[in-house]
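Derivation of every value follows stated rules applied to the coordinates shown; laboratory data play no part. Bear in mind that the values here come from a model prediction, so they are computed numbers and not experimental data. Cβ: placed from backbone, ideal geometry, glycine included. Neighbour counts: every protein chain shown.
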Amino acid sequence: LAKTTQPISMDSYEGQEVNITCSHNNIATNDYITWYQQFPSQGPRFIIQGYKTKVTNEVASLFIPADRKSSTLSLPRVSLSDTAVYYCLVGGPNTGGFKTIFGAGTRLFVKA
Amino acid sequence: SAVISQKPSRDICQRGTSLTIQCQVDSQVTMMFWYRQQPGQSLTLIATANQGSEATYESGFVIDKFPISRPNLTFSTLTVSNMSPEDSSIYLCSVDDRLYGYTFGSGTRLTVV
């Protein structure tokens, strides 16, 4: 399983765009990149998933360069409620199916 | 996406006792996963539970300490056995919800005294 490296923490202000980059140098050909958000006292929540290039949904964008050794989660115009821990995960199907290993995550703190 | 009901949401237990955590999913899923999250830390995978077979445990976790049942495709239990204060943590179950990544239960906050 590919190991991921993210910044431990980031600060931002309301209304700013936040970009969180994750390194995954050993990503395998069949691995997908998935980002989760976790608030205190809750389980992680799926944000976005991608394989290559760019993926966008109603809450975020995910940018993946051609070599796929890194990815960037982009949160447009963050608000105080986006303060949370963000996890980058890399994984794919194995013998029994997907197996998800969490890294340390990035604590995002949004200030007013 | 799948909806997971996890019980209990929290408990305070005496050391040496056991607690069984239940995870109910509103749809049939092949694999269910159990995680532990210690205060301020990331999630650590305990085991993967397939229906009809023995659970697969990650390094550092053993069946005697964390027995898992998976009687059908919508339900699983994790038991934390012979608890010590070091077992105080949040325990979460998860399922592979292909369209939405992995969906997690809200967790069980366990305190061992």
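Could you tell me the relative contact order of chain B? Use alpha-carbon pairs under 8 Å, at least six residues apart, and round to a whole percent.
Across chain B, relative contact order equals 37 percent.
Using the Karplus curve 6.51 cos²θ - 1.76 cosθ + 1.60 with θ = phi - 60°, work out ³J(HN,Hα) for each residue of the stretch B:12-26 in order, rounded to whole Hz, and write x for Gly and Pro.
Along the stretch B:12-26, the couplings run 10, 10, 7, 4, x, 8, 10, 10, 10, 9, 10, 9, 10, 10, 8 Hz.
Lys/Arg Cβ at +1, Asp/Glu Cβ at -1, dipole of the stretch A:10-59 taken about the Cα centre: which of A:48, A:19, A:32 is farthest positive-ward?
With unit charges placed on the Cβ atoms, the residue in question is A:32.
Just counting partner chain Cβ atoms within 10 Å, what average do the residues of peptide A:37-44 show around their Cβ?
Whole-number average of other-chain Cβ neighbours for A:37-44 is 5.
Under 5 Å between amide H atoms, partner at least 5 residues away or on a different chain: which partners does residue A:70 have, H built in plane at 1.01 Å?
Residues meeting the criterion, in which the H sits 1.01 Å from N, are A:24.
Inside 10 Å of the C-beta atoms of B:101-109, what's the mean count of C-beta atoms belonging to other chains?
5
Within the stretch B:35-50, whose backbone N sits under 20 Å from a point 7 Å along Cα→Cβ of residue B:18?
The answer is B:35-36, B:46-50, whose backbone nitrogens lie closer than 20 Å to the label point.
For q values of 0.11, 0.17 Å⁻¹, compute log₁₀ I(q)/I(0) with the Debye formula on a Cα-only model of the protein assembly as shown, without solvent.
Cα-only, vacuum Debye calculation for the protein assembly as shown: -0.55, -1.22.
Quick one: what are the phi-derived ³J(HN,Hα) couplings along the stretch B:43-57, Karplus 6.51/-1.76/1.60 with θ = phi - 60°, whole Hz, x for glycine and proline?
Values, residue by residue: 8, 10, 6, 8, 6, 10, 10, 9, 5, x, 9, 5, 5, 9, 9 Hz.
For a test of understanding, tell me how many lysine pairs in the protein assembly as shown have Cα atoms under 27 Å apart, given they are 8 or more places apart or on different chains.
12
Determine the gain in length on full extension of the stretch residue B:5-residue B:44; use 0.36 nm per residue of separation and subtract their C-alpha separation, reporting nm with one decimal. Intermediate values should be presented prior to the final figure.
Working: separation 39, 0.36 × 39 = 14.04 nm, distance 2.01 nm.
Length gained, residue B:5 through residue B:44: 12.0 nm.
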